[in-house]
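So the structure is just underneath, and the comments pick up after that.
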Amino acid sequence: MTFLQANKCYLEENYSKAIQLYTKVLKNCNNPKDTINLLLNRGMCYYQLELYKLSIKDFDRSIIHDPNSVMAYLFKGKSLWLSGKQKQAKKYWEIAKELKGPVYLLNKIEKYLTYGLNGEKQLRQKTDKKKGSEETKKEKETKQQKQKQKQSQEQKQNQNQKENQKEKEKQEQKEKEKEKEEKRNVSETKNWNILPKNTEKTQEEKEKEKNYSFEKDPLMLKNNRLAETLATQGLVQDGMGNPEVDKLIALGYLLVNKGFYNKGIVLFNSLIVKYPNLLAVYIGKGTCHAMLQEYQLAVDNFTKAIKINPNSLEAYKRRGQTRSAMGLDKQALSDLTIAFGKSNETDFECSYQRGIILHKLKNYSRAIPDFEFCIKIQPKHIYSWNFLGLSLNGLGETTQAIVCYERALSFNPNFKEALTNLAQINKDLGNYERSLEYFERSLKIDPTYYHAQYLSALNFYASGRHRLAADRLLVALKIEPSNVDALLWRGAALHAIGDFEQSFNCFNQIVLKKPEHIAWYNREMLAYWVKFLDQKIDSFSFDKDLHPQFKEFWCKKMDPKNLKNYNPVFQTINNLIKFKKKSLLTVNLNPIRESNNQLKVYKKILKVAEHLGRLIQINMPGFMKNLRQHRVAGLAMIMMTQKLKRQLLDNLDVNETLKKKEDNENENKNENQNEKEKENENKNENENENKKEFLNWREWYDIGVKWRQVSEPMDPVFWVDLLTEEQFKQGFGSHTPMFTGQCKVVRYYAYFDKAFSIFKELFMKENPELKKQISKSSTLFELYSLKKGDFYVVTPCQKITNKNETMDGTRLTIQFKYPEGLEFSIRTPGTPPRLIEYSRELSSLWESLHALAKKGKDENDRWVESEKILDCIIKITFYWYNFMPLSRGTAAIGYIGLISMLLAFNFEIKRELNMDVQLDWEAILEQDPNVFKKVALKWLNPNLEKSSILEQLPQLDLEITTLRNMIQIMILD
């Protein structure tokens, strides 16, 4: 019966009464279909009363219940349009257009999309014109404008004449009230320190505001009836109980809802003069200031409201929301928690807002209960499902997160944020195709959605599709032209494919705005690449040519202004001009394509390289297939294999040659690590030496390191001992977390249990008095509490040169991570003692490998010592991983080195690693190289076959002779 009464009131245009009746029915409605209709009808009432914020809320709730409601999308669009948000309105009309609905509604939507809300009128004008109307459209518009101007002038003159007399009489009284108000608001103006840039008013606006009288405001007169109804029925929140006063409060709230915040402040100020302890006026005035981004004034008003009534849920809630907007997250959390408590833990808004802040602070475990509560209250609230998914993903619970995003999409298939988050989580898991599918679905809904454009570009980048990444980032930059992240990654993508001029432009734009940004290092590296672009590969070395402090600062992402003894390339305008001239030598493929022979050779090489490169792919969550890295790994393998093979077949005395070389290098390093004159002398000597000179283990691995350095310009890949001497002594090195903050790291969490067990065992050995407590500990937090601070244990690594001795392996580390988490990671320091010890082990094994090769092959063309050779190769790989000599990239170079050594002895691996194995982690978490060998052989034995895959290939170092050649073969399609 009430529903019918509400409909009757609506038809009679008694919208206020209809709203009351619809609200009453909604409270007791359990039927989903009825709920949808009630929300739509109440939303229409709000729409008719021009309460667009409230109408939008109802239409949103209706869409949650029925994502296919054409009417809800249509009227939400109309409400947005009339709120001044025309772009958003059109998006919702576009969605409505795709849905199945009555023809007359779809026709209306077409008109709105074409002409806006004045569509019908404009269509009539067009029709009149076609029928041969005597007046042109321009003449009509001019006439209408003149008529409107004339009418408005006449109205103003009449109104001014009537009001002038009354204004004079009231002017003195108003001045007195203004003085009182200024005295009361002294404390507010002192703290007015957060203001939007566009709040300064013109003289005309100031005059209007000075003479403003809300009693005569047409807007007030129009809403008088509604305010009076709310007041007489006691529906004004925090009202005084006096109908006259409550009516004014209601009018103030209506001004807030319609976006007339300055007028609202004037009204609330007039009430404060008469009723300085009235709670509602401070809440209303504070809300006006908050919406104007005058946050400190808003907080001051909410604080006054709390002093008047310390039990005011609304005052605490609104102050919490305002503090959140100010970035005062801890204070905001405190306010929202108090407000939630005062609601007997039933307030949806408090819980939702608190959850968002906790998520922002990366306190995911505390955010999850808030979003779960919201879903319990509103099971179809898509934003709560989305944030629950984000929070679960923050914990590393990817499967549960995916369920949440999919649940949100079940309620609204066009929810672009959930689609984008599903795309990103699939990217993080390494599922390129699935990720791309979700990104494209999101962008189909909204091509201007920057977040999806940007993240989808990074998906291209992570899969080795740098040209696609650069193009997609250009689209993102058209949406947000000055976005630094998009500029940085576009610059990196262009750098990788040899477009140095455009890459420089991206990095330079960033540096001009933010001189301290990491792009400064990328811009410097461009100059280095251009300088050596057409020089022989052996003539330059990233590690030896670049200043040690430059490398260290880049690795640590430190502010370049603190660099000492380094002369930046782009310090002067002349250098900039010189670079721009050189940068026109952008790498292109025309010379390769124009030479049929060279193109055939390159394609032949690439076919083998891409086949071999796929072997480094780890088939575990988090490892996306990167086409560029596969290609580069294969090229590095070919070059390393061919050089090692030539070396193995040479008849020189390997042991003696290598030993002398190692001794000389260690002597030079101990005398003066950073002496450039000696390095240059050594370099010149090496260039003039016979091509048959043997490479030691480090020089051989460095071939792969150089390919890795060129493959990814964003990665600072360097030998740790060639950073600054100070950093090398302090133990700068690699750092890989398995658990960070509250998150299970997707790539490496598979090794958490094994690492945790080793940690406990070593911890007990170091602290026998805590043995019982340690053995009972089952979590990181329990172990951390025993030490009450950050600490680490060092894993042992058995020597091959003396089996009774061990070296330091890695450091298993537990550290506190803000706000309420821990980090469990491996940290492998590079130090002078480690360099000496691991170099000794690797040199010994390298010599043994060559000595075994000298014994030759049998009559079946098999290596006589093939089993010992395999043992030696695996152990070299074991010590390489435990040494961790690079700032990053050690794992990839380890795989490349292992496969290259096997290929040099005509062994080819036929398939990738097993699903549950990462060879570098198996080595790092193992003390004994023989135990590691067993793990490696489980993969190698079934997949090793005799191979001659490289025999038909030309010598790569004769075909790829310059940095330009390296880039060309990387980007050849």
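Quick test for you: out of Leu74, Leu54, pick the one residue that is aliphatic (A, V, I, L, M), open to solvent by 20 Å² or more (accessible area, probe 1.4 Å) and touching a helix residue (DSSP H, G or I) at 6+ places or on another chain (Cβ under 6 Å).
Leu54
Having 1 or more residues that are at pLDDT 85 or above is the bar; report the helices (runs of 4 or more DSSP H) wholly within segment 24-129 that clear it.
32-48, 52-65, 70-82, 86-98
Are any residues in segment 730-783 over 25 Å from the mean Cα position of the chain (by Cα), under 29 Å from Pro832 (Cα atoms) and polar (S, T, N, Q), and if so, which ones?
Answer for segment 730-783, where residues must be over 25 Å from the mean Cα position of the chain (by Cα), under 29 Å from Pro832 (Cα atoms) and polar (S, T, N, Q): Gln730, Asn767.
Scan segment 872-895 for residues that are over 26 Å from Lys556 (Cα atoms) and open to solvent by 10 Å² or more (accessible area, probe 1.4 Å) and jot them down.
Lys875, the sole residue that qualifies.
Can you pull out every residue in segment 548-565 that is open to solvent by less than 50 Å² (accessible area, probe 1.4 Å) and under 17 Å from His517 (Cβ atoms)?
Matches in segment 548-565: Phe550, Phe553, Trp554, Cys555, Asp559, Pro560, Leu563.
Just to verify a result, which residue in segment 429-453, among those that are among the polar types (S, T, N, Q) and part of a helix (DSSP H, G or I), is nearest to Ile618 (Cα to Cα)?
Within segment 429-453, the match that is nearest to Ile618 (Cα to Cα) is Ser435.
In segment 309-372, which helices (runs of 4 or more DSSP H) lie fully inside it and hold 2 or more residues that are buried (at least 21 other Cβ atoms within 10 Å of the Cβ), among the polar types (S, T, N, Q) and free of Cβ contacts under 8 Å to residues at least 60 places away in the same chain?
Here the list reads 313-326, 348-360.
Conditions tested, residue by residue: (1) buried (at least 24 other Cβ atoms within 10 Å of the Cβ); (2) of a type in the set (A, V, I, L, M, F, W, C); (3) under 17 Å from Ala227 (Cβ atoms).
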| site | (1), (2), (3) |
| --- | --- |
| Val256 | no, yes, yes |
| Gly264 | yes, no, yes |
| Val273 | no, yes, no |
| Leu278 | no, yes, yes |
| Cys288 | yes, yes, yes |
| Leu292 | no, yes, no |
| Ala298 | yes, yes, no |
| Thr303 | no, no, no |
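Taking only pairs six or more apart or across chains, which ones have beta-carbon atoms under 7 Å, a first residue in segment 754-773 that is among the small types (Gly, Ala, Ser), and a second residue that is open to solvent by less than 70 Å² (accessible area, probe 1.4 Å)?
Final answer for the pair search is Ala755/Met738; Ala755/Leu812; Ala755/Leu925.
Just to verify a result, which residue in segment 817-834, among those that are at pLDDT below 95 and either of a type in the set (Phe, Trp, Tyr) or not in a strand (DSSP E or B) (or both), is surrounded by the fewest Cβ atoms within 10 Å (Cβ to Cβ)?
So, considering only residues that are at pLDDT below 95 and either of a type in the set (Phe, Trp, Tyr) or not in a strand (DSSP E or B) (or both), the one surrounded by the fewest Cβ atoms within 10 Å (Cβ to Cβ) is Tyr818.
Filter segment 897-924 down to the residues that are within 29 Å of Met807 (Cα to Cα), open to solvent by 10 Å² or more (accessible area, probe 1.4 Å) and either in contact with a Cys (Cβ under 8 Å, 6 or more places away or on another chain) or of a type in the set (A, V, I, L, M, F, W, C) (or both) and list them by number.
Val917
The values are calculated or read from the model by the stated rules, or taken from the named source; none is laboratory data. Not measured: the values here are computed from a predicted model. Cβ coordinates were reconstructed from backbone atoms using ideal geometry, including for glycine residues, and neighbour counts include every protein chain displayed. Calculation scope for accessible area: heavy atoms of the full protein, side chains included, ligands and nucleic acids excluded. Shrake-Rupley method; radii C 1.70, N 1.55, O 1.52, S 1.80 Å.
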